[in-house]
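> Before anything else, here's the structure in question.
The values are calculated or read from the model by the stated rules, or taken from the named source; none is laboratory data. These numbers come from a predicted model, not from an experiment. Using ideal geometry, Cβ is built from the backbone for each residue, glycine included, and neighbour counts are taken over all protein chains shown. In case anyone asks, the SASA skips ligands and DNA or RNA and just uses the protein heavy atoms, side chains included. Shrake-Rupley method; radii C 1.70, N 1.55, O 1.52, S 1.80 Å.
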Amino acid sequence: MIDATLAALENTRAHYVYIDNIYLYGRPASSSRVAEDIVRQPISVKGKIRLDIENRLRDLMAQGQPIMIVRFPDFYDISTDPLPRFLRWFGPPHLPHQFISTRDGAQALYRLVMDPDAYREIWHVAGDEPISGLGLQKITQEILGRKLPLWVFGPRLIKLLGFVNAPARGLQETQYLWQDPVILNTDKFVNRYGSAFIHSHQAVIRELLNRQ
């Protein structure tokens, strides 16, 4: 797929926005937030594939191709899809995790795509402040006005589910991100475009529940 994409870029000089995640960062070296220029040290197959793609794109960016790389954390749906029955969590429920809603992600992309100076750059975009599973549970319970189970899918359970479920096998490879959280530093984006359009956890959860 990327071979075909790169061939098309070379032939058309089209603008290209590559949407990525945090797999290529591997385990964080410290508790500091990860900036765009940090050394990439993937430990999963998915991460190594993404690093290879990014290196090829960065080579073209250095040659002047109008390409940008936009990196997002998880979207809320990985934890909130079962609402209003329960919340999912894939690591220790007291550890933080970073999310963004699809709507906020789209707003961020619009700002980037419409800015000619955003190309040939890498951008980190995230939603509200990192939150733990317990924190997300508390917010949802306050909105619902009742208790809500938090189902924790630990490594052993994910491994067992992987025998019969392909998405679980994929999650097993990157579940370390729930145990050693990678938190994106979004200062570069916020300093240029602001964050007024980013919704709070409360607002996102309320909207998701209203869709049910």
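> Multiply the residue separation of SER31 and ARG56 by 0.36 nm, subtract the distance between their alpha-carbon atoms, and state the gained length in nm to one decimal.
Full extension from SER31 to ARG56 adds 6.1 nm.
> Enter the per residue convex hull volume of the chain, computed from alpha-carbon coordinates, in Å³ rounded to the nearest integer.
Residue-normalised Cα hull volume stands at 137 Å³.
> For ASN165 and LEU95, what is the calculated FRET efficiency with R₀ set at 22 Å and r taken between the beta-carbons, to the nearest 0.05? Please report the intermediate quantities before stating the final value.
Working: r = 24 Å, r/R0 = 1.08.
Step by step, r from the Cβ atoms, then E = 0.40.
> Below 8 Å between Cα atoms, with a sequence gap of 6+, how large is the relative contact order for segment 130-212 in percent? Can you show the working numbers first?
Numbers: 32 pairs, mean separation 25.3, N = 83.
Taking the mean separation of contacting Cα pairs over the length of segment 130-212, I get 30 percent.
> A further question on this structure: Using the Cβ atoms and a cut-off under 14 Å, what net charge is assigned to the surroundings of LEU161, where Lys and Arg are +1 and Asp and Glu are -1?
Once positives and negatives cancel, what remains is +3.
> Further question: As a test, work out the antiparallel percent of DSSP beta bridges whose residues both lie in the chain, rounded to the nearest 5.
10 percent
> A further question on this structure: How charged is the neighbourhood of GLN141? Take every other residue with its Cβ under 14 Å from the Cβ of GLN141, and add Lys/Arg as +1 and Asp/Glu as -1.
Surrounding charge for GLN141 is +4.
> Of the accessible area of the chain, with the probe set at 1.4 angstrom, what percent is carbon plus sulfur?
Values: 5890 of 11130 Å².
In the chain, the share of accessible area belonging to carbon and sulfur is 53 percent.
> Calculate how steeply helix 2-12 sits against the longest principal axis of the alpha-carbon atoms of the chain, using the helix alpha-carbon long axis, and give the answer as 0 to 90 degrees to the nearest 10.
The angle comes out at about 40 degrees.
> Could you work out how far helix 201-210 tilts from the main Cα principal axis of the chain, as a 0 to 90 degree angle to the nearest 10?
So the helix axis and the longest Cα principal axis differ by about 70 degrees.
> Continuing with the same structure: Would you please calculate the Kirkwood hydrodynamic radius of segment 46-144 over all C-alpha pairs and express it in Å, rounded to one decimal?
Taking the inverse mean of 1/r over all distinct Cα pairs, segment 46-144 comes out at 15.7 Å.
> Quick check: Cα centre of segment 102-154 to Cα centre of segment 191-205, how many Å?
Cα centroid of segment 102-154 versus Cα centroid of segment 191-205: 8 Å apart.
> Roughly how compact is segment 20-80, stated as its Cα Rg over 2.2 N^0.38 Å to two decimals?
This ratio for segment 20-80 stands at 1.23.
> At a Förster radius of 35 Å, what calculated FRET efficiency corresponds to the Cβ-Cβ distance of TRP151 and LYS46, to the nearest 0.05?
Calculated value: 0.90.
> With an 8 Å cut-off on Cα pairs and a minimum separation of 6 or more residues, tell me the relative contact order of segment 62-206 in percent.
Normalised by residue count, the contact order of segment 62-206 is 33 percent.
> Please report, for the Cα atoms of segment 160-202, the Rg to one decimal and the Dmax as a whole number; what are they, in angstrom?
In order Rg, Dmax, the Cα atoms of segment 160-202 give 16.6, 46 Å.
> At a 1.4 Å probe radius, which order do MET61, MET114, MET68 fall into by accessible area, largest first?
Solvent-accessible surface, decreasing: MET114, MET61, MET68.
> Okay, moving on. Between VAL17 and ASP180, what is the FRET efficiency for a Förster distance of 30 Å, r being their Cβ-Cβ separation, to the nearest 0.05? Intermediate results must be reported in sequence, preceding the final value.
Details: r = 29 Å, r/R0 = 0.95.
Using R0 = 30 Å, I get an efficiency of 0.55.
> Sort 124-136, 98-110, 23-35 by the packing proxy (mean of other Cβ within 10 Å over each peptide's residues), most packed first.
Descending mean neighbour count gives 124-136, 98-110, 23-35.
> On C-alpha positions alone, give me the angle between the axis of helix 133-144 and the longest principal axis of the chain, in degrees, nearest 10.
Taking the Cα atoms of the chain, the angle to 133-144 is about 70 degrees.
> Using 0.36 nm times the number of residues separating GLU129 and ASN191, minus their current alpha carbon distance, what extension gain do you get?
20.7 nm is the gain from fully extending GLU129 to ASN191.
> While we're on this one: Counting helices only, and only those DSSP H runs with n ≥ 4, report the 222 nm mean residue ellipticity of the chain as the sum of -39,500 (n - 2.57) divided by its residues, in deg cm²/dmol to the nearest 500.
-13000 deg cm²/dmol
> I would also like to ask the following. If you plug each phi of segment 44-59 into the Karplus form 6.51 cos²θ - 1.76 cosθ + 1.60 with θ = phi - 60°, what whole-Hz ³J(HN,Hα) values come out, in order, with x for Gly and Pro?
Ordered by residue, 3J(HN,Hα) equals 10, 4, 4, x, 5, 5, 5, 5, 4, 4, 5, 4, 5, 5, 5, 4 Hz.
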